[in-house]
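> I'd like to ask some things about the structure below.
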Amino acid sequence: MGQVLSLSFDNYTFAGDAAVIAICLVIVNLLTTSYVSRTLSLRIFMNIIAAIAIAAMLNIAYHALLGQNSAAYSRLVYALRIAYQAFLFEIFFLFVLYTTQVSGMEHRKARMAVVAATLLLLALIGGDIISTFCLGVRPGRDGTVKHSLHLFMVGYVLFFLLIVVIMNQARTLVYKRVMYGFYGTIAIAVTVRAFQFMTDQNSLTTMTFLFPAIAMLYIMHSNPYNVTLGAVDIRAMEDMVRNMYAKKAPFVFLSLLLPEYDDEGKQIPEEIRAVIRKFTGDYFKGSVLFQVGNGHMILIVSKRRNPDYEERTAKILTGFRAQFQRFRKPYKIVIGESIDEISRKNEYVSLIRSIHRSMAENSIHHVCEDDIIRFNRDEYILRELTDIYNRKDMDDPRVLAFCQPVYNIQTGRFDTAEALMRLYLKETGIVSPDQFIPLAESQGYIHVLTEIILYKTCREIRRLAEEGFRLTRISVNVSVLELKDDAFCGDVRQIIRQNSIPGEKVAIELTESHSEADFMIMKEKIEELREQGIQFYLDDFGTGYSNMERIMELPFDIIKFDRSMVIASGTDERSEKIVENLAHMFKDMKYSVLYEGVENPGDEERCREMSASYLQGYMYSRPIPLEQLRHFLENAS
């Protein structure tokens, strides 16, 4: 017989395992009252918690009967001891399974690890049964259990080594701080277990298995609420949609966008947060609120739990309107029901954002079939834009350069033009700027498109010059967003230099920005590029809000009066006088005035009388491919 080990009842207290059970119940409560991703790793984790709780209960029962010191309970004592250690070995096995799952380990290596853990689990449970009933385990008169093999410690060491090997294999697949979190927790668990072994203490054995589980909960499964809104994040929403689609569970979604608070760092006021909390908690059963942007929330409601969802939706909208009349803050609300096509691709956030682009503020939109058609079209356009951005081919045939000639009143010739961008895609044909520019700007692709148009424009300017055409300049539209890129000026200079044309042959059209930061950037970039001879146009003057003081601070060369100003000047004498005085003021300040949208002789005559320097519009030419400009100039001359 080998060394005899005593597990003394006197060295065990129920408090340790009772605390383990209580902590397991707390974890289950937290998981059921918060939103966590319903993944395979979560199911394994829940099995780990259940196994730990059962093991703690078995250990309490085992020591309770062991304390009776009665031969009548000996077989039950043996069975409880076997069951307790079997559950501890099963927890080890689940740890192995969990590690291979969350680390994304190569399938072959993961399968080998699981097979090794399975064989070890079966060997240890079988060995424990044999050692208990065949090799002399017996209760002593002093209330101890004496046995010849310490199989549990052998299994503990073997499983520990297996887990260390697996984690070492996964170290390059997992973020280092995550690995450090698990390493540190396991080290604490092993230290406590070693301390127990040296001091012949057994009260915290089950607790040591709980330590790594707490690390799993915190590192892998925590998805905290925004406690002031009662919302969870976009990852949780994607998970919920995925699960509801798999279960064929229909749902309703209600989206609320508060544009004023959608920028990072903006704080939604408490009185508005209180309204959101009330509406998301009081109107639907089992609904979950997701915060997908700083000022963008989506509520998902199960149809099965809310069969009267239409009536409830009407009530929530009525109440919402009444509340928001107090705040006078802009909002956009989108309401829809689950759509298999969108659920399968998990694209509700993208769908809603595409609808936002065409919505007026303080409006409510119910998703319809046309929205899905437009969304699918936009997604196709976005995929093509992504490919154009990644290729950065200055000759990309999908980006078309059009132009509209501009008449110079002083010279009596069409000696300038505006370059215009179009897309040509196989599935849609010609795509207009109002369809693809917002998409390109939202994804950060707009500068590459501008580079391509500028390159094609500069190349055509050089060809026209070589053929003897007298062309003063061609203007190119630039988004204010592009100016924020430190490389913007360098990119423009490089393209002009590549085509060997003077800078004064190019002009850049900008639309005024309301942002103080954008204004300063715009001023800096204009001053830098004007040194190369590049001229600047203020585009769309007369649309929206125009800050005259800022306009005067920016070194523009030409002010473009929008078509709306041309129309307004023809409505009555008062409007004509206002437009005329504005134009005359700009002319006195050495700006040139360009009227766009001239469509008939009446428009032309009026604009000439209102201090016009340049005229542009359908009366002279619709937008034409840039390559056709030479034919227009030939005919015009």
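Where a number appears in this text, it was derived from the coordinates with a stated rule and is not lab data. Only a predicted model underlies this, so the values are computations on that prediction, with no experimental measurement involved. Neighbour counts are summed over all protein chains in view; Cβ atoms, including those assigned to glycine, are modelled from backbone coordinates with ideal geometry.
> Quick check on the chain: of the DSSP beta bridges with both residues there, what percent are antiparallel, nearest 5%?
So the antiparallel bridges in the chain amount to around 55 percent.
> So for the chain, averaging the separation of alpha carbon pairs under 8 Å that are six or more residues apart and normalising by length, what relative contact order in percent results?
Over the chain, the number comes to 9 percent.
> Counting only C-alpha contacts under 8 Å and six or more residues apart, can you give the relative contact order of region 231-367 as a whole percent?
33 percent.
> By a straight-distance test (C-alpha under 27 Å), which lysines pair with Lys505 as possible cross-link partners, with residues fewer than eight away in the same chain excluded?
Cross-link targets: Lys392, Lys456, Lys484, Lys523, Lys525, Lys560, Lys587, Lys590.
> Another one. Over the Cα atoms of region 564-637, what is the Rg over Rh ratio if Rh follows Kirkwood?
Result: Rg/Rh = 1.05.
> While we're on this one: Using a cut-off of under 13 Å, list every residue of region 228-267 whose amide N is near the label point 7 Å from the Cα of Tyr389 along the Cα-to-beta-carbon line.
Nothing falls inside the zone, counting backbone N under 13 Å.
> So for the pair Gln628, Cys368, with labels modelled 7 Å out along Cα→Cβ, what separation do we get in nm?
Reported label-point gap for Gln628 and Cys368 is 3.5 nm.
> Ok, one more. Which Cα, out of Leu615, Val192, Ile130, lies furthest along the positive dipole direction of the chain (beta carbon charges, K/R +1, D/E -1)?
Looking along the dipole axis, the top candidate is Ile130.
> Taking only the alpha carbons of region 309-372, what extent do you get along each of the three principal axes, in Å, biggest first?
39, 27, 18
> Same structure, new question: Using the Cα centre of the chain as the reference point, and only Cβ charges (+1 on K/R, -1 on D/E), how large is the resulting charge dipole? Debye, rounded to the nearest 20.
Dipole about the Cα centre, nearest 20: 3460 debye.
> Relative to the first principal axis of the alpha-carbon coordinates of the chain, what is the inclination of helix 369-391, with its axis defined by its Cα atoms, in degrees from 0 to 90 and to the nearest 10?
90
> What aspartates and glutamates sit close enough to Lys278 to cross-link, taking a C-alpha to C-alpha distance under 18 Å and skipping anything fewer than 8 places away on the same chain?
Partners within reach: Glu270, Glu311.
> Note the angle between two axes, namely the Cα long axis of helix 573-588 and the longest principal axis of the Cα atoms of the chain, as a number of degrees from 0 to 90, rounded to the nearest 10.
90
> Let me ask something else. Name the long-range amide H neighbours of Leu400: under 5 Å, sequence gap of 5 or more, or other chain; modelled H, no Pro or chain starts.
Arg422, Leu423, Tyr424
> About the Cα centre of region 231-367, what is the dipole size in debye to 20, counting +1 per Lys and Arg Cβ and -1 per Asp and Glu Cβ, all else neutral?
Its charge dipole is roughly 320 debye.
> If every alpha-carbon in region 477-615 counts as one equal scatterer, what log10 I(q)/I(0) does Debye give at q = 0.14, 0.16, 0.17, 0.18 1/Å?
Values, matching the q order: -0.68, -0.85, -0.93, -1.01.
> Applying 1/(1 + (r/R0)^6) with R0 = 22 Å to the Cβ-Cβ distance of Ala50 and Tyr218, what FRET efficiency is obtained, to the nearest 0.05?
0.70
> Using each residue's phi in region 260-267, evaluate 6.51 cos²θ - 1.76 cosθ + 1.60 at θ = phi - 60° and report the 3J(HN,Hα) Karplus result to the nearest Hz, with x for Gly and Pro.
Karplus-based 3J(HN,Hα) across region 260-267 equals 5, 10, 7, 7, 4, x, 6, 10 Hz.
> Counting other C-beta atoms within 10 Å, which of Phe375, Phe95, Phe632 has the fewest, and how do the rest follow?
Arranged by neighbour count, lowest to highest, Phe375, Phe95, Phe632 become Phe632, Phe375, Phe95.
> Here's something else I'd like to know. Does a label point 7 Å from the Cα of Lys247, set along Cα-to-beta-carbon, have any residues of region 27-59 with amide nitrogen under 11 Å, and which are they?
38
> What are the residues whose amide H is under 5 Å from the amide H of His365, where those residues sit 5 or more places off or on another chain and H is modelled from the backbone?
Here the answer is Ile333, Val334, Ile335, since their amide H atoms fall under 5 Å of that of His365.
> Taking the Cα atoms only, what angle lies between the long axis of helix 234-246 and the longest principal axis of the chain, rounded to 10 degrees?
Once rounded, one gets 70 degrees.
> Moving on to the next point. Just to check I understand the Karplus step: with θ = phi - 60° and J = 6.51 cos²θ - 1.76 cosθ + 1.60, what whole-Hz values come out for region 343-350, glycine and proline as x?
Using θ = phi - 60°, the values come out as 5, 4, 8, 6, 10, 5, 5, 5 Hz.
> Let me ask another. To make sure I understand, if each residue's beta carbon is the centre and we count other beta carbons within 10 Å, what order do Ser34, Ser363 fall in, fewest to most?
Listed from fewest to most nearby Cβ atoms, that is Ser363, Ser34.
> Restricting to bridges with both residues inside region 231-367, how much of the DSSP beta-bridge set is antiparallel, in percent to the nearest 5?
Counting only bridges with both partners in region 231-367, antiparallel ones make up about 75 percent.
> Specify, per residue and in Å³, the volume enclosed by the convex hull of the alpha carbon atoms belonging to the chain.
Cα-based convex hull of the chain, divided per residue, equals 216 Å³.
> Just grab the label-to-label distance for Leu119 and Asp308, each label 7 Å out from Cα along the Cβ direction, in nm (one decimal).
My value for the distance between the label points is 6.3 nm.
> Let me ask you something else. How much length is gained on full extension from Glu379 to Ser575, taking 0.36 nm per residue of separation minus their Cα-Cα distance?
Result: 66.3 nm gained on full extension.
> Rounded to the nearest 0.05, what FRET efficiency do Ile430 and Val154 have when you use their Cβ-Cβ distance and R0 = 51 Å?
Calculated transfer efficiency: 0.10.
> To the nearest 0.05, what FRET efficiency results for Leu76 and Ile130 with a Förster distance of 22 Å applied to their C-beta separation?
0.75
> In whole Hz, what ³J(HN,Hα) sequence does region 293-307 give by Karplus (6.51, -1.76, 1.60; θ = phi - 60°), x for Gly and Pro?
Computed from phi, the couplings for region 293-307 are x, 4, x, 10, 10, 10, 9, 10, 10, 6, 5, 5, 7, 9, x Hz.
> Still on this structure: So for region 231-367, what percent of the C-alpha to C-alpha distances run longer than 18 Å?
Everything past 18 Å amounts to 53 percent.
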